[in-house]
Amino acid sequence: MNTFSPRAIKDHLGTQIIGREIHVFAELDSTNSEAYRMAREGRREGEVVVADRQLRGRGRLGRRWLSPPGTNLYVSIILRPPILVKDAPLITLMAAVATAKATKVISGLQPQIKWPNDLLINNKKVAGLLNELRGKAGKVEFVILGIGINVNMTLEMIPGAMRSSATSLREELGYDISRVEFLSALLRELEGEYHAFLMGEPGRLLRQWEEFSQMVGRLVEMRSFKEVIRGRVKRIDSNGSLVLFAPDGSEKRVIAGDISQSREFPDMRPKVEEKER
Ligand code: BTN
């Protein structure tokens, strides 16, 4: 855990809110659970929980997040945005954009955001976000941004069944990345995006998200609450829903789900006009 000195992280930082206190643990069940507990007890916005290892790292949809020691980043950040619960998905987009930007700055690689909040490099998952929220009377009391980044994990550390779909920065670059530098970059990017968000600039956020996601115009198949929805991605709307053109021409909004495929559907290919040649 020697590389995780809070002093070393703060030395790199220069932020006002995000990272104002960094709580570092050798081991936790889950940084999200710890940050949630701290937030409930009144810890301030911008406080960060980092662990070298998680014993029960949590992923979306009840999945586990692989969290071996000494190699990756497991980070949770407490935010207290003055927004309504219905607008909270924008916070998820913001965190995904900040994670993508930090990944690009540190590695020089071009990550892709897969809706809603996976980060891919060369079509393999390198990071995931699990954001949890407590609200009161329709307003957000706090949000926990939970971010897991496969930094230096080697292919051998990834279970066989996941090897074709998961990667790490190290696997993509061929050399190790400093976790402290990555964490600093991440907290700095979050600070910038969060300021912009609080200034009420959702347009900038949505544009950046669309740039990183490169999903607009693509054909996707999604699972959302046991329903399978197919369609061409039109845009992301200002409350974070994915807007699709369905094959029947209708417009569908998806708030949550998993993109299970992204390919051409025969019935949706543009018709080639047989005109005079
Ligand atoms: C996913 O892709 O399913 C989301 C994974 C989120 C993992 C991170 S690691 C830090 C934080 N603590 C957790 O228990 N989960 C998130």
Among the residues of region 218-277 satisfying the criterion of being farther than 20 Å from Leu205 by Cα, among the acidic types (Asp, Glu) and surrounded by 13 or more Cβ atoms within 10 Å (Cβ to Cβ), which is modelled with the lowest pLDDT? Asp258
The residue from Glu181, Glu172, Glu156 that alone is under 14 Å from Leu120 (Cα atoms) and of a type in the set (Asp, Glu) is Glu172
In region 30-60, the residues that are within 14 Å of the ligand (Cβ to nearest atom), crowded, with 19+ Cβ neighbours inside 10 Å and outside any helix (DSSP H, G or I): Ser30, Val48, Val49, Val50, Ala51, Asp52, Gln54, Gly57, Arg58
Look through Phe197, Phe212 and report the one residue that is out of contact with any Ser or Thr (no Cβ under 6 Å at 6 or more places or on another chain), under 21 Å from Ile259 (Cβ atoms) and in contact (Cβ under 8 Å) with a residue 24 or more places away in the chain. Phe212
Within region 89-111, is even one residue of a type in the set (Gly, Ala, Ser), within 11 Å of the ligand (Cβ to nearest atom), touching an Asp or Glu at 6+ places or on another chain (Cβ under 7 Å) and outside any loop (DSSP other than H, G, I, E, B)? no
Filter result for Arg37 (of a type in the set (Lys, Arg) and under 29 Å from Gln214 (Cβ atoms)): no
Residue satisfying all of: in region 58-93; over 19 Å from Gly135 (Cα atoms) and hydrophobic (A, V, I, L, M, F, W, C); modelled with the lowest pLDDT among these: Leu61
Could you tell me which residue of region 191-215 is farthest from Val85 (Cα to Cα), considering only residues that are at pLDDT 85 or above and hydrophobic (A, V, I, L, M, F, W, C)? Phe212
Name every residue in region 97-140 that is in contact (Cβ under 8 Å) with a residue 60 or more places away in the chain and touching a Gly at 6+ places or on another chain (Cβ under 6 Å), in order of residue number. Gly128, Leu130
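The values are calculated or read from the model by the stated rules, or taken from the named source; none is laboratory data. In this text the structure is predicted, and so the values were computed from the model without any measurement. FYI the Cβ positions are ideal-geometry reconstructions off the backbone, even for glycines, and counts take in every protein chain you see.
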